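Presented below is the structure to which this report refers.
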Amino acid sequence: MSVTMPEVAATRGQHAHAVADPLDGAAVRADFPVLNQPPVEGRPPLVFLDSAASSQKPAVVIDALTDYYTRYNANIHRGVYELSEIATERYEAARKTVARFINARSARECIFVRNTTEAINLVAQSWGRANLRPGDLIVGTVMEHHSNLVPWQLVAAATGARLAHVRMTADGRLDLDHFDVLMTEEPKLVALAHVSNSLGTVHPVKELIARAHAVGATTLIDGAQSVPHLQTDVRDLDCDFLAFSGHKMCGPMGASVLYGKKALLDAMPPFLGGGSMIRKVELDGSTWADVPAKFEAGTPAVGDAIALAVAVGYLDGLGMERVWAHEREVVDYALERLREVEDVMLFGPRTAEARSGVVSFAVGDIHPHDVAAILDEGNVAVRAGHHCTQPLMRALGVVATTRASFYVYNTLEDVDRLVDGLHRVNRVLGGKRSVAPSAARADEPCRAQWEQADGGAKVPAEVPDVG
Ligand code: 7TS
């Protein structure tokens, strides 16, 4: 069943989240060229529901990149000629824009990196190797993206530190009692995501950071799925490090940010050595530039950083409160409408308040790759797989999920298109076992441990033995 316009309007009213002037997803969509291409014959317009992987880019960001390469492309911090001076000035201005966006005390606390993965590896290799000793504890969670797990495994192997992971509850939240138990072991570091990329759970990080600091731990927040969606204030959170990806927040691929408290960054050794990060080089040793240059070895992605600042300006223009409220509305509606689809099982918290714009689900025992492929036939783009969270998939007792993730340009009509597509999935494949290869581990018996928190009790007795 598709929702007619009057019903949509009624639902909008019912689920409106309090902002005076809500975002109009359709108007925002008009800013994004990819979403406004003439449809290929016979295909409906694209519904893009994979923004958790990477968002689309508005025309202003694409124009900023073109402008950079057309008018003032030059390497920075070295030329005395005008082009290089302009590029340098705008690159440093971009740093200030990003710093303001997260309310850092100083732009020096923001280091440009390629992506969240690089930001976390920087902290693991620089802070980790300098501060971790054999037996020290690093606390993560079972819900982390591999980018906030594997770097800690590597540094633990190198230093002799230990890893422990906060468990999760049946409805996809962190087990806060277990968190407290782990705090009694006085970890050196607590590294966790603000928002889960697979389940969309929003963790109470401010509270958790305070509890971690109370036992003397340093804290790293993986903000890849939060900074694009939630107003983020590093002073209010009081995190020691925050990593986030520009390309998930309307910016280009190639410029992302590591925030770190200045005193910590000052005390850390370099991550990569080379040009730009030195003060003085002798043949038998070197000294380092001040932060942030100390952590920006080599030529940075100048145009990408400048365009990231334009993306930040774009989001600021929309207003982060409105961005969040808009996503709440779309997700609320998606959670409600997905329940209409036969055999759909939702993962993660049941209320939009506890989650961001990410919805993971299963359709009976149909393999998520098959679900995504049939949705793609209707030009609805979702992601299927383990979403780089294999331990989380194991905790859920599945090999993979289908994931729809929403952003500023999505509308309630996009949710309707998703739901229509899922009805089609059921018509085409309902009740059939998938023949698609497993996205994660087909070698492991998968027992579903999942229970619906609302008592709906649609628990798969067994997750398909695909592959
Ligand atoms: N942390 C989280 C929470 C993420 O969601 C991602 C990417 C990363 C780290 C890594 O970011 P990157 O910019 O270094 O790649 N998440 C996803 C995703 O959910 N689907 O594709 C990439």
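Just want to confirm a number: the relative contact order over the stretch 70-315, from Cα pairs under 8 angstrom separated by 6+ residues, in percent. Walk me through the intermediate numbers first.
On the way: 479 pairs, mean separation 57.8, N = 246.
RCO, the stretch 70-315: 24 percent.
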Residue-wise HN-Hα coupling along the stretch 277-282, computed from phi with Karplus coefficients 6.51, -1.76, 1.60 (Hz; x: Gly, Pro): 9, 10, 9, 9, 10, 10
For the chain, the charge dipole (Cβ of Lys, Arg +1; Cβ of Asp, Glu -1; about the Cα centre) points to a positive end, and the Cα of VAL415, ASN197, ALA362 closest to that extreme belongs to ASN197
Which whole-Hz couplings ³J(HN,Hα) result when phi for each residue of the stretch 335-340 is put into the Karplus expression 6.51 cos²θ - 1.76 cosθ + 1.60, θ = phi - 60°, listed in order with x for Gly and Pro? 4, 6, 6, 5, 5, 6
Estimated dipole of the stretch 70-315 in Debye, rounded to 20 [Cβ of Lys and Arg +1, of Asp and Glu -1, Cα centre]: 400 debye
Expected vector for the stretch 117-129, Karplus 3J(HN,Hα) from phi with 6.51, -1.76, 1.60 and θ = phi - 60°, integer Hz, x for Gly and Pro, equals 4, 5, 4, 6, 4, 4, 5, 4, 7, 8, 5, x, 5
About its Cα centre, the chain carries a charge dipole, from +1 on Lys and Arg Cβ atoms and -1 on Asp and Glu Cβ atoms, whose size in debye to the nearest 20 is 820 debye
Considering only ALA305, THR169, VAL80, whose Cα is most displaced toward the positive end of the charge dipole of the stretch 70-315, charges sitting on Cβ of Lys, Arg (+1) and Asp, Glu (-1)? VAL80
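Compute the FRET efficiency between ARG427 and ALA107 as 1/(1 + (r/R0)^6), taking r as their Cβ-Cβ distance and R0 = 51 Å, and round to the nearest 0.05.
Values: r = 55 Å, r/R0 = 1.07.
My answer for the efficiency is 0.40.
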Let me spell out the model: positive unit charges on the Cβ of Lys and Arg, negative unit charges on the Cβ of Asp and Glu, origin at the Cα centre of the stretch 13-114. What dipole size does that give, in debye rounded to 20? 400 debye
Put a dot 7 Å past each Cα toward the Cβ at MET253 and GLU353; how far apart are the dots in nm? 3.9 nm
Placed amide H near LEU174: partners under 5 Å, 5+ positions off or other chain: THR169
Per DSSP, loop GluC sites (Glu not before Pro) in the stretch 269-371 with at most 13 further Cβ within 10 Å: GLU340, GLU342
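Residue separation times 0.36 nm, minus the C-alpha to C-alpha distance between ALA170 and ALA74: what's the value?
The ALA170-ALA74 span can extend by a further 29.3 nm.
Jot down the per residue volume, in cubic angstrom and as a whole number, of the convex hull over the alpha-carbon atoms of the stretch 268-358. Show your work: numbers first, answer last.
Details: hull volume 16.8 nm³, N = 91.
Cα-based convex hull of the stretch 268-358, divided per residue, equals 185 Å³.
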Give me P(r) over the stretch 120-236, computed from all C-alpha to C-alpha distances, binned every 5 Å, as integer percentages. 2, 12, 24, 24, 22, 12, 3, 0
How high is the relative contact order of the stretch 262-363, in percent, counting Cα pairs under 8 Å that sit 6 or more residues apart? 17 percent
Cα convex hull of the chain - mean projected area over all directions, nm²: 24.0 nm²
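Taking the Cβ-Cβ separation of VAL34 and LEU318 as r and a Förster radius of 25 Å, what is the calculated FRET efficiency to the nearest 0.05? Don't skip to the answer; put the middle values down first.
Details: r = 18 Å, r/R0 = 0.71.
About 0.90, to the nearest 0.05.
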The stretch 31-90: chymotrypsin sites (Phe, Trp or Tyr not before Pro) in DSSP loop, at most 15 other beta carbons within 10 Å: TYR81
Figure the gain on full extension for HIS146 and ARG133 (residue separation times 0.36 nm, minus the Cα-Cα span) and round it to one decimal in nm. 2.4 nm
When only C-alpha pairs under 8 Å and at least 6 residues apart count, what is the relative contact order of the chain, in percent? 20 percent
Simple spin-label model, 7 Å along Cα-to-Cβ: ASP177 to HIS213 in nm? 2.8 nm
Note the full-extension length gain between THR66 and THR184 as 0.36 nm times their separation in residues minus their Cα-Cα distance, in nm to one decimal. 37.2 nm
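No lab work stands behind these numbers, since they all come straight from the coordinates. Quick caveat, the model's predicted, so the values are computed rather than measured. Don't worry about glycine lacking a Cβ; one is built from the backbone with ideal geometry, like all the others, and counts go over all protein chains shown.
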